[in-house]
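See structure below.
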Amino acid sequence: MFEATPNLIVGLEIGTSKVCAVVGEINDEGALNIIGLGQAPARGVRKGEIVETAVAEESVRQAIVEAEQMANVEICNVYLGVTGAHVRGFNNRGVHRVLSADRDITKDDVSDVVKNARTINLPKENSIIHDVRQHFLLDGHEGIVNPEGMVGSLLEVDVHVVHGVTNRMENSVRLVQNLNLVVNEIVFTGLASALAMLSSEQKELGALVLDLGGGTTNYVVYANGVIKHTGVFAIGGDHVSNDLGHGLKVPLSRAEKLKLEFGSALVDEASKGRTITITNEMNLPVKTLNLEHLQRIMSMRLEELLQIVRQDLEEAGVLHYIQGGVFLCGGGARIPHIAQLAESIFQAPVSLGQTNSISGLKSALDQPEFLTAIGLVKYGSMRKRKEPVGFLTSIQRVLSSILTQRLTH
């Protein structure tokens, strides 16, 4: 029999390769504990976006049911991760002149400058997902966390805005609602991954979170405790499989198996001169492949992907922020030697990401492919505790209103 609890939080990631539902619970001490995990192979999803609703819906249903059974709860609402090449991030500055005679900065002044920072000309088909407050400036003095009660005449605020195409996000929301689930909020999956992994010290020092998924690569740069840059590329592990299929002249399903069994981000010295014999359904040999050739194809695609990310960070002027390290998650983080390849490209220490300040199921916490869904749960827990997570909820309410209106007409 299912149990209901008001402290239940569920994160749902509808990825290209898998659907993952993670159930968390806030205990009496206020700590977050992961109590359930459900997953299913993703179908009807391409490059992180829904392309066939009916089959994708069934994958989500399977993951939800499995998570319910493991946690012995009934899931009614979720924090939904969204991604895709349409998701973009940029920095913006709001400006407000303080008009009071004593020039004391009031709560209204803070509200006005933040409101000005939100006044952004986006394409009409886009909506803001997150509006992340960075730092205030007062008469040119930077790095102010809270200017209220200070004295000045020119108040400014820097924010990082993440936005996407409303219709494309709506497809995921509609799918979840078709299963009689309420979407509490939509959350960019890159930010969720960062929430799961990074400590306050790592955010302060400077870090790049790199989520290597099946159809997309999401990334987030933190420095001085705040988000400096976000991005999505519609390239992931599936593209590696496609390259192997073409290069080795084998079916895609076989290429995927070869990637998982023999793949590497770098050509392993021990692989040189070795061959692999693949067999048919009757276990009869049908083809011999060169292992070095396989790994070289894979290494070239992965190097290209990481170089694209590096170039974007350079163009955005944030590459120098990541000296604190690069943290990998997603299924691609399991690829042998991926850390060494990333270290050579970003010239920074690279490590496999781990959950931060979260307890519970070891089967979930120790796996890089579950970190995004765990981060969605952490986002929800911070919402329930009414702790600041850097995201301005009024923007979320606007987007939720847009989606709700469309779905009820």
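The values are calculated or read from the model by the stated rules, or taken from the named source; none is laboratory data. On a predicted model such as this, the values are computed, not experimentally measured, just so you know. Glycine also receives a Cβ, built like all others from the backbone with ideal geometry; neighbour counts cover every protein chain displayed.
So which residues in region 335-354 are among the polar types (S, T, N, Q) and more than 21 Å from Gly375 (Cβ to Cβ), if there are any at all?
Hits for region 335-354 are Gln340, Ser344, Gln347.
Go through (1) surrounded by 15 or more Cβ atoms within 10 Å (Cβ to Cβ); (2) modelled with pLDDT of 95 or more; (3) among the small types (Gly, Ala, Ser) for Gly360 and report which single condition fails.
Of (1) surrounded by 15 or more Cβ atoms within 10 Å (Cβ to Cβ); (2) modelled with pLDDT of 95 or more; (3) among the small types (Gly, Ala, Ser), only one is false for Gly360: (2).
Please list, ordered by residue number, the strands (runs of 3 or more DSSP E) wholly in region 1-93 having 3 or more residues that are closer than 30 Å to Asn116 by Cα and of a type outside the set (S, T, N, Q).
Counting at least 3 such residues, we get 77-82.
In region 265-281, which residues are modelled with pLDDT of 90 or more and either farther than 18 Å from Leu341 by Cβ or touching a Lys or Arg at 6+ places or on another chain (Cβ under 6 Å) (or both)?
Answer for region 265-281, where residues must be modelled with pLDDT of 90 or more and either farther than 18 Å from Leu341 by Cβ or touching a Lys or Arg at 6+ places or on another chain (Cβ under 6 Å) (or both): Val267, Arg274, Thr275.
Failed condition for Gly325, given (1) at negative phi; (2) of a type outside the set (Ser, Thr, Tyr); (3) surrounded by fewer than 21 Cβ atoms within 10 Å (Cβ to Cβ); (4) touching a residue at least 12 places away in the same chain (Cβ under 8 Å), with all others met?
The one condition Gly325 does not meet is (1).
Counting only residues that are under 30 Å from Glu201 (Cα atoms) and either of a type in the set (Ser, Thr, Tyr) or in contact with a Ser or Thr (Cβ under 8 Å, 6 or more places away or on another chain) (or both), give me the strands (runs of 3 or more DSSP E) lying completely in region 240-342 with at least 1 of them.
Because the criterion is at least 1 residues that are under 30 Å from Glu201 (Cα atoms) and either of a type in the set (Ser, Thr, Tyr) or in contact with a Ser or Thr (Cβ under 8 Å, 6 or more places away or on another chain) (or both), the strands (runs of 3 or more DSSP E) in region 240-342 that meet it are 326-329.
Identify the single condition in (1) over 30 Å from Val55 (Cα atoms); (2) surrounded by fewer than 22 Cβ atoms within 10 Å (Cβ to Cβ) that Leu208 does not satisfy, given that it satisfies every other one.
So the condition that Leu208 fails would be (2).
Output the qualifying pairs, or none if there are none: Cβ atoms under 7 angstrom, residues six or more apart or on different chains, first residue in region 222-237 and farther than 30 Å from Gly263 by Cα, second residue of a type in the set (Asp, Glu).
Taking only residues 6 or more apart or on different chains, the pairs are Asn224/Glu204; Gly225/Glu204.
Out of Gly81, Gly94, Gly44, Gly36, I need the residue that is surrounded by 17 or more Cβ atoms within 10 Å (Cβ to Cβ), in the same structural domain as Ser153 (by TED's automatic domain parsing) and in contact with a strand residue (DSSP E or B) (Cβ under 8 Å, 6 or more places away or on another chain). Which one?
Testing whether each residue is surrounded by 17 or more Cβ atoms within 10 Å (Cβ to Cβ), in the same structural domain as Ser153 (by TED's automatic domain parsing) and in contact with a strand residue (DSSP E or B) (Cβ under 8 Å, 6 or more places away or on another chain) leaves just Gly94.
I'm trying to understand the selection: among the residues of region 221-253, which are basic (Lys, Arg) and out of contact with any helix residue (DSSP H, G or I) (no Cβ under 9 Å at 6 or more places or on another chain)?
Lys249
Where in region 113-187 are the strands (runs of 3 or more DSSP E), entirely inside, with at least 2 residues that are in contact with a Phe, Trp or Tyr (Cβ under 9 Å, 6 or more places away or on another chain) and more than 22 Å from Met382 (Cβ to Cβ)?
Numbers: elements: 126-138, 141-144, 154-165.
Ranges flagged: 141-144, 154-165.
What single numbered condition from (1) touching a Phe, Trp or Tyr at 6+ places or on another chain (Cβ under 8 Å); (2) touching a residue at least 24 places away in the same chain (Cβ under 8 Å) fails to hold for Lys203?
(2)
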